[in-house]
Every structure is written in structure tokens, then in C-alpha cells.
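Only the coordinates and a few stated rules stand behind these numbers; no lab work does. No experiment lies behind these values; they were computed from the predicted model shown. Neighbour counts are summed over all protein chains in view; Cβ atoms, including those assigned to glycine, are modelled from backbone coordinates with ideal geometry.
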Amino acid sequence: MLLVPCPNCGPRNSTDLRYGGESHARPDPNTASPSEWRAYLYLRDNPAGWLRENWYCASGCRRWFSIERNTATNEFRDPPLPGDKRGGAA
Amino acid sequence: MTMSRQGVQPTEVIDRAAKLRFRWNGKRFSGFEGDTIASALAASGEQIFSRSMKYHRPRGILTADYWDPNLMVQVGDDPNVRAGHRLLESGMDVRSQNAWPSLNRDIKAANSLLGRFLTPGFYYKTFMRPRWLWPTYERVLATFAPGGKIDLDTSHAYHDKRYTHPDVVVAGAGPAGIEAALAASSAGASVMLVSHEHSVGGHLRYSSDAADQAALVELRTALDASDVEVLTDSTVTGRYEDNWLGIVQRNHPIAVERLIKARAKTLVAAPGLIERPYVFEGNDRPGVITSGAARRLVNLWGVKPGERAVVFSANAEGDAAVADLERVGTEIAAVIDGRTGGHISSTRGSSRAVDAVVADGASIDADLLVVAAGWTAPTSLLNMAGDRPVYDPAAARFFPSDPPSNVLATGGLAGDADLDGLRQHGAATGRLAAARAAAVRHRLQARTARALPVEGDEPAWAPDERAPLGRDPHPELYRADTHGMVDMSEDISSKDLVAAAHEGYDSVELAKRYTTATMGPSQGKLETVNTVAAIAEARGETISEVGTTVWRPPYAPLTLGALAGRMFEPVRVSSIHPWHEANNVSVIQAGQWLRPDHYGDPAAEVRNVRRNVGLIDVTPLGKLDLRGPDVPKLLSLLYVNKWMRLGIGRVRYGMMCAEDGVVLDDGVTGRLGEDHYMMSTTSSGAGGVWEWVENWLQTERPDWQVHVTPVTTAYASINVAGPKSRELMGRVCEGVDLDAEAFPYMTVRQATVAGVAGCFMWRIGFTGELSFELHVPAGHGLHVWEALMDAGSDLGVAPFGLEGQRIMRLEKGHFIVGQDTDGLTLGPSTGLGSLIKLDKDDFAGKPELAWAADRSLPMVVAIQPDDPGVVPQEAAQIVRGDTNEILGRITSSRYSPTLNRSICLGQVEPDLAAGGTKVTVLLESGERIGATVIDHHAHFDPAGERLRG
Amino acid sequence: MAAIGGRLRRRPPRYSAAALAWKGLRGESWPRVWRDCDLKRSYDAVVIGGGVHGLATAYYLARDHGMTDVAVLDKAYLGSGGSGRNTAIVRSNYLTPEGVAFYDRSVHLYEQMAVELNINVMFSQRGHLTLAHSDASLRTMHWRAEVNKLGGVNSSVIGPDEIKKECPSLDTSDHPRYPIQGALYHPPGGVVRHDAVVWGYARAADHMGVEMHQKTEVTDIVCEGGDGPDGKGAGGRVTGVRTNRGDISTPIVINCTAGWASLISTMAGVRLPITTHPLQAAVTEPVKMFLPTVVVSGSLHVYVSQTDRGELVFGASVDPYANYSVRGSLEFTEGLAGHVLELMPGVSRMRILRQWSGLCDMTPDYSPVMGFTPVDGFLVDVGWGTYGFKAAPVSGEQMAEAAATGRTPKLIEAFALSRFDNGELVGEKGAASVGH
């Protein structure tokens, strides 16, 4: 059970939160081309490493927040909890 | 080999005064309290406990502990019980699992003769033709499925879970683990010590050495005096993210098994070592046991393992076994020392017992062969933490490499030392674990309580200054000069593994998958390293080069019952529900809600609403209270239509689309005051829309002043519908003019209803009748409902349920999001394209909706079958003529009691959407019927006169 | 074996009961199932990913199009990814006509596979039940049944009594919190021995000359003429790949990876509509057979079948957050057990023996991304979510046709990458969120 550091509630079990996916800026709806808009809707960087993403503290403060997590090791940045992690298989 | 009970041993754990009677394959047996099932049977002279999976070879005791693959039995309705671990209880009904007709005479033992044909993967190479025979072959193969039987009538029984947040969890209660727990506790940490065995002490429990026994007493005394929480017969089954631990407690007084979930700040892994069987011809013959098995049998249960033994020893444990055996009168025929080149090649005898051992080239008569060939380091918890243990050929086992700094290894897993050395390392590990736990605790507190100051600075992350344990040299003993069984539970020999490697399945994972080695109940605890060694040998490589497999959770199996725990799925009902239940309601599940579906006759309910007045409980309808000066902007952003000029007291329908233009939800929103609005959502969309609103407010428009409060369950909601609804409402409402002009359609008023202040009601309605949707503070819902029923008795008031409402909404052609629309239905497809105001500066989904305006899209349309008596089932497909080409589908259908005909909504291709278009509907029966698209959604009262009345 | 267009390099050692007996009597061993080859400097085509999709693609390239100068590269061992981690369920009762036609072809190829590849893949067509616990999900089952029937797929909705008959261990009473109201019954659905499919394709492709290279990791894709850095990206073309064992020049690179599809595609400058989530599975200790069919409950997020070895194999929905770690979680097994006991209270005493997870590339419309990309010569067969295994044969067949002919076959037109640019997604989302 991943601990997700909510900026308001502190570290909480990931099941208390809702995952909101990669953070991407919303293009201007009045000037975006179909390709730009659909890239915003569908295309993802999906890196195996550091990713800025959104979480919603659904069972806590009900705030959306954005944070960086390493998708290979599940570490959060700034600041990490002590007890470093290891990536890879188990 | 005949095992038998001997005189009292100073270390024994049985209570010879407490005799327990039980049954084994129907026959009466007895043992003592403290016996395991296996030790009781062994003491009674039983030699064969199971039959092997493939060849049905007789199998006896191998390790006499939890991991013994040969001791799987059925106890009552409990399959796959570890007889080497499970304590004997009075009255147990114990049966062997994998034998027919009996353990002693097993018909499938004939398979042994076919061994040369049943090579690994043989089933992949045959039974391909003829194809139609495969199902028959499969049924035969399936009869070889090992394991016990489940009883489908077994109840889930009582299971509960426990959550705990200890500073330090110590997995393993040998001397190092106990010392770690004591030291961490002394340093101020809260500590949980988890012992896989029935009592703490690890290998000291079955050591007859006086110093070991003294140490055991000392450690147990210290534990008793400490604050350490000790769990016995419990296992840390998994280490997950951020030291989230699963612990199974098998000896809970009530639960069959209890799952404990612990968020440990540091984890100490001290599982000890598992003795590794040795591979040689006849190594699976009953009478071949590990040195640990011999010592446990003698010292814990007073059982003499055999009359005349050969001991193959490559370490001190083997040497100690010799002494133990001699003490109970086993004659030692020979000690073969594996450290100085002594070797064993095979055993001889029947399939049921050892008669002789071939060692150093000579045949030695014996009924027992005790083997001490080395150790497997159970690195599971470290693997789960991401560590990749490394093989040391000099010590002939794997060692931790670089686990995360909140997981610390000690004891045999970490290295070798004498008892004092192990205890000192354990204590140092405990102190380190406590220091690091303090740092984690401090930071967790600091990050959790923003408003509360946390005392002191964060403690520094304690460096690991433990003096490392040594590594005793040990010969690399995996296979003798003959082939033998590597995996007892799967019947996989070293020959099979070599053959698999030569066939190209030459990495550990491929060989494992191909042969199924290590896939059985002990999950490689005994088999993995020998498997790796066999592959390495076949490839001409070292064990380090071949590498090991990844140990996956759980460390020890745990029941589905323990994992499931208790069922915690809430049931939601409105405050009016007791009335429904007292009035013959038929309920329907709608998510977590139980809702009235009907009260006996939905068609009659519909007719009564159309003629008189009806009440429906619509409490689950989503309701969001919105306050603030920027609410109109928010509504404009989330709905496709315009909201900036909604007057106080007015209500408007709105449709929401997602950013891809797909319909997300719909409902009405009313303005209750200057900066006060109430938004309603669909019942199923209530949670999602709230999150959606918060997401926009918090991430895209944080500067807007809007406060959102979900009030779905703060109000009981009642729709009062029908031509006589105004009259009924007039009898219960105070402080509001209900006249059609004062309170017209699509407006909202606040009122006192049946004496309850703080109600509000809107003049809207899904049914198409004059109606008032009443929202009452939830605690008064039942009172208001009863007041309405009383006040309207002479008006013919009657309740109606969801089914009646669905019929009436379909008569009116109102679509339901998620039923008449789907995951690709764009806003304009609903037929409400005119709502979408592309001249607004911005709203969710605007670009897609703008582009959609130029596309021809599938449309939601109303459809009437040509035969009014035929109701096509929902999901009936609309097809092109007699072909199978799909052009659309019926999304809703009912028989209308108002119109006395079948009516539908459906989605059709754009060129079929015009009124008057004839379509073909394929019924479930296969019959094709004609139907006509009508030119508006409403089958009934398309002008909406009744509604506005 | 029909070697249409494919040259048989050497006579395959046939598998049969007679051969087994002969070798058994003589104590002979079997030859290598596929060769160990040196990596060449150039190939006509390179397939990245030695799972069922990559191997099937290579096999059909050789068999149907005579392209045998093909290398399949895998950074670990064959079948090390999703191919060996899935729950091996095969079915074709999808929701959309495109899905039904596509997976129906796959079931057909699975039915032929044991004979065609001369390896027993143990396709056990034991029937597949998708349970409905609400009127909304029952409506979806009817929808699927109707579309299935029109596509010629054997699929129908049955009620609790019939469910009980097919699968007596299910609790069809009204006691559970969400009672079973009906099920979509799909008799041809079943389970396959997934590893055997991997080995079968590898062995058959090897016999036609295709090379399998394990422990060969692609570190870059070499492109020229594209609009991005290093000639990558739209408008460019592929000229080769770099690996940990050396560079290879090739005009065709087919990305058949799962879990790493985004990273591989990024090497060619192609961005994908993919988010990677682990999907977990678990297996119990064996017990004697009691569960005759595959059982799926979308509402309870669980699917279960009993293997011929007697184990229950379970899966659920993907993990909630994007993630490349395959460590697994406790909450997964807890949720799984709770839901299974809702369906079958009698299995409470069965023990979970092992849990594992694999990486799934989820797309917004629960359908794959197949065919050409804006980079000439770079093809993708990705985005397989949780349903890649069951599609492997037909995907291989269709991808091989696309790569060999340069044209998109009709069966996979709906799954083109370009659909995300023109907003014409596939409608499987409703049915496939836990679609096993």
C-alpha cells in the first residue's frame, strides 16, 4: 500500500485517494487544432521514471493536488519519506 | 524405517499427560498435546503420508515442518493442511489427499512405470490429434490435480482484520530476531515480533545443547518482561510499498485465520535459514529426512526417526543430529562427512522404505538416511522490497545485496556466527531499526500535522554501523553423482531439468514454467536453489551466472477467508425506506442504494399518476449546494448551455459533456438566492459530478469563489406528480403560493411542508405531469411522506416506484445518461444539440462539440414498433433488412399503459434519424420486426401541456 | 504444417505420442525447441518483444508472406512479459462488431493451433460466464449477446438457474450483497496454456528461419527524415535499431511490446495514447476440480478459473495508478478474496499461494493500437490493455499482413493510431473495463 503524501493530510494510504493521471496543461479551447486538442485528451508521455501527476484526496481533504512520482520506484519527491525504494520486479 | 515415541526429552514440547484422539484415514490414532499431526502419526509408526503428484510414489516425512511438501493432508473441510506444522487437536478427522483408493494401495502408482515417457512437458507433445478427443484427455489429466477437496457448503465463518502501526516489525523469532525485538523495544520503539513457529526460539527450540537451552530460557524470560508484542504461529506474508506488511495469524482464538496489516516504520527480516534437501537417486524414498527433521522429531516430540541411520553431514547441524539420534537409541551405521569428500549416491529399498544407503561406493544397511547438505536463504521479504540477493559460492547460499534502508536483515539470512555473535548482530539490528523508525515517525508526524508543531529536530538517519556477520564456508552440495528428485511436490527430477535445459528451456524462468518445478505448495522454499543448480550444471555455468528466480508474495500461503475479512459493503436507503418496506415494496439495487422499484403493479402506478397524483422517493438524486458569486461562471463552464442570466427562483435543465464531448451527466440547477444555487445530478453520477466540479474549481479556476457542498443525503427527495399534485401540495405547504402563475414550471421555491421548515421544491418532473420535486431535511423525510399520503387519501394518492417512473419518462422521451447514451455518445447525438452554445467563451468539451456540429453522428431517437403489442427487449439490434449489418439498437423499451402500445428509445445511424424512417429490429427470438422512428422524442404529450399545467 | 510461402529450413522434430514413446524407449532427448543464433547486422524485419504477439507476427510473416529474414528481440526471455503473466482466458464475446469479428478470428486460430503448430496448447473450451449483478449490467450482457449473435459468435444471456447448472459452485441465491441476476454465457470461451502458445510460435517460426534473440535489449531506433531530433518522428523512416548486442539495420521495425510500448515508440519519435498500469493475478493451492467454467464478474472486478492442475487462477482490474513496478499489493489480494467469496463462499479455506503482476498498456477506448505510424517502417501492435493474450494469433496474422504488404488489413482498420487524431474511438469501453 503506497503512502501518498497529501499536502494537507500528510502521508495517506493510496486507497484513500483517487488517481488523476498525468498533469497536462489544457490548450486554449478556442484556438486549439484538432491534433492539439486530441493530444491533450489522449496522448501521454507515460515515462518509466519521474512523472508529474494529479491525485484527489477523496477520503481526506477533498483537494486535488499535483506531485512528482517515479513510476518505476514509486518514490515521491519533495521530500521523500526516509527508507528509500528500489525499482524492478518482485 | 519405523519411527516410535521414546522417553521424555528435556526439550520436548508435548504434554504427555494430555492425550488427544483423532482419526487418520478413518482409523483411530492418538497423540499428545503439543504434537503436530505429523509427529503424532510418526510416533504411531506411520511412514507414508502422501502420494506424489505425477507418479503417485509413497512419500514420508522430509523436513517435519511447515515447508514439508510430503505432509499435505485434509483436515475436515480444510484442504492442504501442513501436517508438519498444524498442531494436533482432539477429534481431528485427518485424511490423505492424493491417493486412490488408499494411501497404501494407489492405482496411479502404475505411472511410475511410465516415468521415461512422462518427461517434462510430455503433455505439450501429445494429445494434439484428433482435436475432438482433447476434452476427454483433459478430463483424465485433470484427475491428476493434486491437493485436497473443498466443501462448497463451508461457510465463510468469522474473519476479522487488524490494523497496526508498530515502529518495528521483526519477522522471525530465532535468537537474532528476539534480540532485535528486545533491543528495539529497549530503545523506545513499539515492536511486534512475528514467529512462524508455535513458540519463539528458532533453532534453539530443538537443540539439546545445554548452552542453547539456557539461552532460550533467557531470551523467553526477557521477552516476557518486555513490551514486545509477540505473535506465534504467525507469518509476515508480504512486504509491500512503504513497509506495508501482511501478517497472517493462524492461532487466533476465534478467527480461522486473521490478517493483520501493519505499517511498520522499519522491518527486520530474520527468517533464519531453510535446510535444503540434497538430490540423489532415491532421495524421495520414505526414510530420507533432513537433519532438521531428525532433530525436531527427537527433541520436540520425543520421536525416534529410525533404528539404524546413515548421516550425511556437511555442517554442524548434521553433526548435532548424530548426537540426538544416538541419544534416543538410533544406531548410527555411518556418518558420511560432506566436508571432507564423503559422498552419498543413492538409497536402495522398496518404494516405501529405505533398506540401504550407497555411500562412498559401499552399500550400508540402514532404514534412515539423515541429510545435512546445506541451506537456502529465504530472501522473500527482501525480494519483495526490491533487493536482488547475491550468491556466494564459498558459503553455498544467497545473501542480501542492497535492501532499502528501512528493511534490515539479521540472523542466518545475514550471515553466520556462533550464538553470541548472532545475538549481538540481532541486538545491533534492533537498535538500528529503532533509530531509523524514530526518524520515520518524526517525519510522518511532521508531514501529517501541519498545524501542530512536532517537538525537536528530525533525528538523523542512523548509519548502519553493525559489525557484519561472517560467512561460514560450506561445500556446494546440490546434486550427487546420481539424479534424484528436485521438486517433491511436482515430481520433477534433476534429470527432467537437465533435459528441459537441453531442449532450450535453459533460463531458470523458462525451465520453471516448462517443468513446473518450484510451482507447488512450498513455492521453491526447498526447491529453488537445487533447480538453479541443475540448470547451471546443464548450461555449464555457475549458479551466480544463472541467477535465481524472484520469490513472490505471500511468503506462506493464507486463506481467502483471512484476506477477505468481513464484508463491508454499505447498503444505502432513504429515510422513507421503512414506509416502503411496510407497504409491499419490491426493491431494486441501484449501486449501493436500495430503491423502490414498484409496489405490486407499476402499470397501475403509472395510470394513477396520469389520472390522480403519485409520490416517488427520489432521495438518491445527486444534489450539490453551490454558493458564491462565481457560481454562474462555473455552471457555464460545466454545462453546454448558458447560465449567466438565471433569475432567482428559476430552474434550468443542463447537459454536461466531458472534454471529449461525450455526455457525462444531466440534471436541473436552480437559483435559490443571490449567490446560492442547488445543482441536481443523476443518481449514479452524484459522486462523479462532485469530483468533476471540484477538479475544475481547484485546478483550472482556483480564483473563482464557489463553495461546493454535497447534500445528496442531507435531503430526502419526494416527487409529487400528477394532475392533482397542486391540490395535494396546497394541503401541506405553508408560506408559498402554489398557483401556476406565482410558481410556474421550471421555478424553485422554499417552503415549510407539513410543518417542516427549510424545504425547497422545484416545479419540474421527469414524468411529464404537473409535479413538485420536494427536498426535505433528511430526518423529516418519513414524516413528510406520511403527511402527503394522509393528506391525499381522498385524491387517490399512491406511491410509485422506479419502474413507473421509467415508463413515464420513456413516454416523454427523456433519455437516461448511460442507458440511452454510451461511452461514445457526443452531446449533439442526444437530440439536444440546440442546447450547446458554441458562442460561449469556454466550456468543457467545447472544441469537440464544435467539430461534432459538422459531423453526421448517430442519434438518440424515439421508435415505435409497427406492432404495438411487441416490446423489443432493451439492447435489441437495429439491422439493415435481412442482413446482419448493425445500424443501431434499442436502448430503452416498455409497454406504455398510457398509450397502450410499445414505445422505445434507440440509437441509430444518422441517415435513419429522421421522423418516419422505417427500421428493422431484430428480436432476441431471431424474429425481425418493423418499427418507425418518430419525429420527436416524446411518445406522449409532445407539447408538454400537462407538465406546465 | 502448411508452410505457405515459408521455406522450411530443416525438418521439424514432430511432437506426437509415438515420438514420445520412441524417444522414451531409446532414452533419447529432444532437440532444442529454437536455435541460439548470432545476431546479424541486418534483417528484413525486426520484431521488438518476444511475447505471443511478437512471435505470432514473426511466425505469420514467415508462413504467409515468405519473410523469414526476421529477428525477434526480447530483453529478457521469450514470454517473460504479459504472455506468461496473464490468466490465459480466450473469448470473443465483445461488444462492438469490430471487436467481435477480430476476436472471433482469434478464437478460430486458437482452435487450430495445436494441430497447426504441432504443440498441445491445451485450449480448453470449457465455457465462459460473465455475471451480471444489476439490471444495467444485464442490459449490457444482452447488448453483447445480440452483437455476438450477429457476428456469428455463440453467446447468450442465461438466468440464475441455468448458471447454477453450468457452475454449481456459484452462489445464485439472493443472499449476496449483489445477487447474480444473469450471465452472458459463451460456450467457446475458455483457457489456454499460455506458455505453450509462446513456445509453439517460437518453435514454428524458428523452423522457418526466424531468429529468436533473448537477452537482447533495444536501446534506440534509428530513423531518418523525420520532423523530430535525430531524424525521428512524423514523416521519417526507420533504418535500424540499436541493441545491447550491436546495431542492426532494417527497413521494418514492429513494436510488439507491452508495458514498454510507450518507451519503445518514443525511440522512433511516436507518442502513444497509452498509460501503463500493472495488472495483478494470483493463484491458490490446488484442490480437486470443482469449477467447470471460466467465471467473470465485471461488477465485482474479478475473474476466476480452475487450472487442470487444480489451482484457482484469479485476476482483477488494473492497479489504480500508473506504474512500472510489478511488485503487487496486499489490497489486491484482499479485494480479490472478498469478491470471490461473494461468488463462491465455499472456497473460504483455500489458500493463496502466489501473486504476481504484469504491465498493461491501457488506451482510452479499451482497444489496441495496431498498424502504421507517422514513421515509415515503424509499425505498432500495442495498447493491449488486459486483453492482449486472447488476441495474439489474429494480431500476429494481421500485423504480418500489414508489414509485408504495406496496407492495413480490414480487420484492424478500426484500431489504427490515427483514430486518436480524428476522434473516432472504438466503443469497447463500456464492456471491457474488467473484460476477461
note = Counting only DSSP beta bridges with both partners in the protein assembly as shown, the antiparallel fraction in percent, to the nearest 5, comes to 75
ask   = Taking the Cα-to-Cβ direction at B:Ala157 and at B:Leu899 and moving 7 Å from each Cα, how far apart do the two end points lie in nm?
value = 5.9
remark   = Rounded to the nearest 5, the percent of DSSP beta bridges in segment B:577-809 running antiparallel is 95
task = Mind checking which lysines have their Cα closer than 16 Å to the Cα of C:Lys215? Skip sequence neighbours fewer than 8 apart in that chain.
result = C:Lys40, C:Lys75
key: Phi to ³J(HN,Hα) by Karplus 6.51 cos²θ - 1.76 cosθ + 1.60 over segment B:332-349, Hz, x for Gly, Pro   = 8, 6, 6, 10, 9, 8, x, 7, 10, x, x, 8, 10, 10, 6, 10, 10, x
query = Each label point is 7 Å from the Cα along the Cα-to-Cβ direction; what then is the distance between the points at C:Ala76 and C:Thr405, in nm?
reply = 3.5
query = Given the C-alpha centroids of segment B:35-69 and segment B:316-341, what is the distance between them in whole angstrom?
reply = 22
query = If you plug each phi of segment B:197-210 into the Karplus form 6.51 cos²θ - 1.76 cosθ + 1.60 with θ = phi - 60°, what whole-Hz ³J(HN,Hα) values come out, in order, with x for Gly and Pro?
reply = 8, 6, 9, 7, x, x, 6, 5, 4, 10, 9, 8, 5, 5
query = Near the amide H of B:Arg572, under 5 Å away, which other amide H atoms are found, from residues 5 or more places off or on another chain, if H is placed in the peptide plane?
reply = B:Trp593, B:Leu594
request  = Could you tell me whether chain B comes out rounded, prolate or oblate from its Cα gyration tensor? Rule is a ≥ b ≥ c as square roots of the eigenvalues, rounded for a/c under 1.5, then prolate if a/b exceeds b/c, otherwise oblate.
outcome  = prolate
query = If you stretched the chain out fully between C:Val115 and C:Arg26, how much longer would it get, using 0.36 nm times the residue separation minus the C-alpha to C-alpha distance?
reply = 29.5 nm
query = B:Arg339 to C:Arg14: FRET efficiency via 1/(1 + (r/R0)^6), r the Cβ-Cβ distance, R0 45 Å, to the nearest 0.05?
reply = 0.35
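Near B:Ser345, within a Cβ-to-Cβ distance under 14 Å, what is the net charge of the other residues, with Lys and Arg +1 and Asp and Glu -1?
Net charge around B:Ser345: 0.
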Semi-axes of the equivalent ellipsoid for segment B:478-562, Cα gyration tensor, largest first, Å = 23, 13, 11
note = Nearest 10, in degrees from 0 to 90: the angle of helix C:52-65 to the longest Cα principal axis of chain C is 60
ask   = Of C:Thr405, C:Thr373, C:Thr284, which has the largest mean-square fluctuation in a 10 Å C-alpha GNM of chain C?
value = C:Thr405
Two-site FRET efficiency, B:Ser102 against C:Arg35, from Cβ-Cβ distance with R₀ of 41 Å, rounded to 0.05 = 0.25
task = May I ask for the angle, rounded to the nearest 10°, between helix B:419-448 and the longest principal axis of chain B, with both axes built from Cα atoms and the value confined to 0 to 90°?
result = 10
Cα Rg, Dmax, segment C:69-218, angstrom units = 18.9, 60
Nearest 10 degrees, 0 to 90: helix B:686-695 Cα axis against chain B principal axis = 90
note = Checking segment B:740-783 for GluC sites (Glu not before Pro) in a loop per DSSP with at most 14 other beta-carbon atoms within 10 Å yields B:Glu741
ask   = Summing Lys, Arg as +1 and Asp, Glu as -1, what charge do residues with Cβ under 10 Å from the Cβ of B:Gln445 carry, B:Gln445 excluded?
value = +1
ask   = Does segment B:818-883 classify as rounded, prolate or oblate by the C-alpha gyration tensor (a ≥ b ≥ c root eigenvalues; a/c under 1.5 gives rounded; else a/b over b/c gives prolate, otherwise oblate)?
value = prolate
note = Taking every DSSP bridge whose two residues both lie in chain B, the antiparallel percent to the nearest 5 is 75
query = If one computes the Cα centroid of segment B:783-798 and of segment B:144-212, what distance in Å separates the two points?
reply = 64
message = Under 22 Å between alpha carbons, and skipping anything fewer than 8 positions from C:Lys164 in its own chain: which lysines qualify?
response = B:Lys149, C:Lys288
note = Taking every other residue with Cβ under 15 Å from the Cβ of B:Leu923 and scoring Lys and Arg +1, Asp and Glu -1, one gets -4
query = Across the residues of B:235-245, average count of Cβ atoms on other protein chains within 10 Å?
reply = 6
note = Where a ≥ b ≥ c are root eigenvalues of the Cα gyration tensor, a/c under 1.5 meaning rounded, otherwise prolate if a/b exceeds b/c and oblate otherwise, segment B:169-290 counts as oblate
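What FRET efficiency comes out for C:Glu424 versus B:Leu133 if R0 is 60 angstrom and r is the Cβ-Cβ distance? Round to the nearest 0.05.
On the way: r = 46 Å, r/R0 = 0.76.
E(calc), rounded to 0.05, equals 0.85.
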query = Cα centroids of segment C:159-210 and segment C:319-372: how far apart, whole angstrom?
reply = 16
remark   = Simple SL model, points at 7 angstrom along Cα→Cβ for B:Phe940 and B:Ser856; separation in nm is 3.4
query = Hey, if you drop one equal point scatterer on each alpha-carbon of the protein assembly as shown and run the Debye formula without solvent, what base-10 log of I(q)/I(0) do you get at q = 0.05, 0.06 Å⁻¹?
reply = -0.44, -0.63
query = Which loop chymotrypsin sites (Phe, Trp or Tyr not before Pro) in segment B:549-605, with loop taken from DSSP, have no more than 15 other Cβ atoms within 10 angstrom of their Cβ?
reply = B:Phe568
message = Across segment B:48-173, what fraction of all alpha-carbon pairs, as a whole percent, falls in each successive 5 Å bin from zero upward?
response = 2, 8, 13, 16, 15, 14, 11, 8, 6, 4, 2, 1, 0
inquiry  = Need the list of lysines near C:Lys23 for cross-linking: C-alpha distance under 17 angstrom, and skip anything on the same chain fewer than eight residues off.
reply    = B:Lys125, B:Lys495
task = Calculate, in nm to one decimal, what B:Val454 and B:Arg352 gain on full extension: separation in residues at 0.36 nm each, minus their alpha carbon distance.
result = 29.9 nm
ask   = Taking segment B:77-128, which trypsin sites (Lys or Arg not before Pro) meet the DSSP loop condition and have no more than 10 other C-beta atoms within 10 Å?
value = B:Arg105
